[in-house]
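Inspection log for the structure reproduced underneath, given as structure tokens.
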Amino acid sequence: MNPTIPPPTSYDVVAYPSYTHPQTHPGRLGVIGELFGLAPARADRCRVLELGCGNGSNLVPMAEGLPGSEFVGIDLAARPVAHGQCMIQDLGLRNIRLQQGNLTEINQDWGKFDYIIAHGLFSWVPAGVREEMFRLCRRHLQPQGLAFISYNSLPGSHLRLMLREMMLFHVRGIADAPERIRQALALTRFLAESQIARDEYQLWMKAELERILEHEAGHIFHDELAEFNQPCFFTQFVEQAGRHGLQFVGEADFFEMSTHGFTESACASLTQIGPNRLLREQYLDFLKCRRFRQTLLCHQEAALKPEAQAEAVVNLLVASQAKCASDEGAAHPGPARVYTTPKGATCTTDFPLGQAALSVLEQHWPMPLPFAELARLAVSHEAQTCGAPRPEGGASPQLAAFLLELFGAGLVEFRTCLPPIARVASERPVASPLARSQAQHGDVVSSRFHQAVKVEDEVGRFLLIWLDGTMDRPALSEKIRALFQARDTQAFSDPEDPATVQKIRLELEQNLAKLAGLGLLVA
Ligand SMILES: C[S@@+](CC[C@H](N)C(=O)[O-])C[C@H]1O[C@@H](n2cnc3c(N)ncnc32)[C@H](O)[C@@H]1O
């Protein structure tokens, strides 16, 4: 008997551009759980289920980086799943399974999971499937497990719905997928170019239309023109979750719960709302005009703390890309200094131990440091630069509270476990097999920090492909020389020429350091 071939879905017809979602990694989900008093499973020894996993772009890198954990994905569309299954086979991964099917078919045989992820699914499926997502989270989550569900939230989504309705009107009666995309883009371009920006409505429209025009065609087809796109208020979402025995833990991006950056009076008004966290979150959505949420849920019976606990920070690993605005400040902790990250997060602090910790973290970026090690290094940095030794053990609570505040402001990152990467390139460097395979098809690869990384440099991309652990520095240098020679036949023809040797050695070391810094090399 032939196996039944599932009918093609819209995701079989037009591919959805999928990438890794760093905020869904169990090592990051676990952080939020720990801060609010849960005891989630360790990322390197857990079971993860992803609903609507597509081609496994999110799950495969996790499985490759966490060989002691088990990953299961399900998606209705057969084509992306088959694509992901090929990748899993090529990489020889044994701790991951992708299955074509409807999430409504998941039954007891699938067992319990420590983490359940549903990214970009909830708002785009019919009401019955949304209900089933909560039901299965309740049924399949371990007692201390965490579910991640992202969804379009109100009031912010009203703005986006307005444009969606215009697009749907314009493509009415068009069944052909490429033509729907073409027409939706034509309307968006027409509207964007015709806005004279006379009033606030037109100003906002122009910005929003230009944002849509930056999207890939597959995103426009599935996100804007989808049959379902049902946003909801945060309180509606948590009420529905509550009816299924689930409660709100927090947002996957911790800074999204913070009032950092709002006026003092806005923060004071939010505090007056009282101890009801859920209501405070709802008013934050009004303040931020939030359009998208990434909410973590757990069992209603789990004992949660009402606020994030600074004590929990001592069990975590810390990383930060923040730099002191003045060079002098980086070297000498002292009076108020301003710190910023490349993404624009900023803070001012006059806490010398905090300044010392940020200086240590900057030196170690992108490697996360266990809190105890960071505290030790920060104390010694502070003593060296300020000459005032701290009493033994007195630093931890203050430093933990400081780091939690910075986590809320988006200046530091926390993890529950160290990613398996090589900090420096070894004698015969090895790149992650997944990144090597991805580099053969394009310049976007998945790092062991679970981030989509663009390797724009041609030498860097070729190095990734070659770094299988068999080549030493002379062999890699010769490969680079041949690459350069192919570009410019005259300049690099003599492998003995000292200038050539020097240039290539520099090129090799710089690129290896860059790849190590991006979390693409493995031990
Ligand atoms: C917008 S895409 C998101 C893909 C991926 N999670 C991401 O965020 O990049 C939604 C995915 O959910 C899948 N899907 C929709 N309804 C489903 C269902 N009832 N059961 C399983 N998968 C479903 C679609 O086939 C599609 O691959």
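Please treat every number below as a calculation from the coordinates, not as lab data. All figures in this text were calculated on a predicted structure; none of them were measured in a lab. All Cβ positions, glycine included, derive from the backbone under ideal geometry; neighbour counts span all protein chains shown.
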With N residues in the stretch 198-315, Rg(alpha-carbon) / (2.2 N^0.38 Å) equals 1.32
Over the chain, what is the relative contact order in whole percent, taking alpha-carbon pairs under 8 Å and six or more residues apart?
-> 15 percent
Volume per residue that the Cα convex hull of the stretch 379-523 spans, once the total is divided by residue count, Å³ = 170 Å³
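Which FRET efficiency value, to the nearest 0.05, is calculated for residue 372 and residue 176 with the Förster distance at 45 angstrom and r the Cβ-Cβ distance?
The value I calculate is 0.15.
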Between 161, 71, 474, whose Cα lies farthest towards the positive end of the dipole of the chain when Lys and Arg beta carbons carry +1 and Asp and Glu beta carbons carry -1, centred on the Cα centre?
-> 71
Quick calc of log₁₀ I(q)/I(0), the stretch 157-224, Debye, one scatterer on every Cα, no solvent, q values 0.15, 0.18, 0.19, 0.25 1/Å, result -0.44, -0.63, -0.70, -1.16
Want the number for residue 213 to residue 523: 0.36 nm per residue separation, take away the alpha-carbon distance, what's left?
-> 107.5 nm
29 Å Cα cut-off, lysine pairs counted over the chain (separation 8 or more, or different chains) = 18
Convex hull volume of the Cα atoms in the stretch 127-271, per residue, in Å³?
-> 163 Å³
dims of the stretch 193-253, Cα set, principal axes, largest to smallest, nearest Å -> 50, 29, 23
Dipole magnitude of the chain about its Cα centre, charges +1 at Lys/Arg Cβ and -1 at Asp/Glu Cβ only, in debye to the nearest 20?
-> 700 debye
The stretch 430-522, relative contact order [Cα under 8 Å, separation at least 6], % | 34 percent
Longest the chain segment clear of trypsin sites (Lys or Arg not before Pro) sitting in DSSP loops (not H, G, I, E or B) with at most 11 other Cβ atoms within 10 Å runs 344-523
Set the Förster distance to 41 Å, then compute FRET efficiency between residue 278 and residue 443 from the Cβ-Cβ distance, nearest 0.05.
-> 0.45
Against the rule of thumb 2.2 N^0.38 Å, how large the Cα Rg of the chain comes out = 1.06
In this structure, the FRET efficiency calculated for residue 503 and residue 428 from their beta-carbon separation, with R0 = 22 Å, to the nearest 0.05, is 0.50
So, in nm, how far is label residue 289 from label residue 228 when the simple model puts each one 7 Å beyond its Cα toward the Cβ?
-> 2.8 nm
Of every Cα-Cα pair in the stretch 3-97, the percentage lying beyond 14 Å is 67 percent
Between residue 325 and residue 169, the two model label points (7 Å from Cα along the beta-carbon direction) sit apart by a distance in nm of 4.7 nm
Express in nm, to one decimal, how much length is gained between residue 338 and residue 94 on full extension, taking 0.36 nm for each residue of separation and deducting their alpha carbon distance.
-> 83.1 nm
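Within 10 Å of each candidate Cβ there may be at most 13 other Cβ atoms; applying that plus a DSSP loop requirement, which GluC sites (Glu not before Pro) in the stretch 425-482 survive? Display every interim value, and only then the final one.
Details: sites: 427, 456, 458, 478; in loops: 427, 456.
In loop regions of the stretch 425-482 (DSSP not H, G, I, E or B), the sparsely surrounded GluC sites (Glu not before Pro) are 427, 456.
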Can you tell me the relative contact order of the stretch 343-442? Whole percent, Cα pairs under 8 Å, sequence separation 6 or more.
-> 29 percent
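Using a simple charge model, +1 on the beta-carbon of Lys and Arg, -1 on the beta-carbon of Asp and Glu, nothing else, what dipole does the stretch 430-522 show about its Cα centre, in debye to the nearest 20?
On the way: 11 positive and 13 negative charges, 73 e Å.
My answer is approximately 340 debye.
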For labels at residue 86 and residue 255 in the simple 7 Å Cα→Cβ model, what's the distance in nm?
-> 3.8 nm
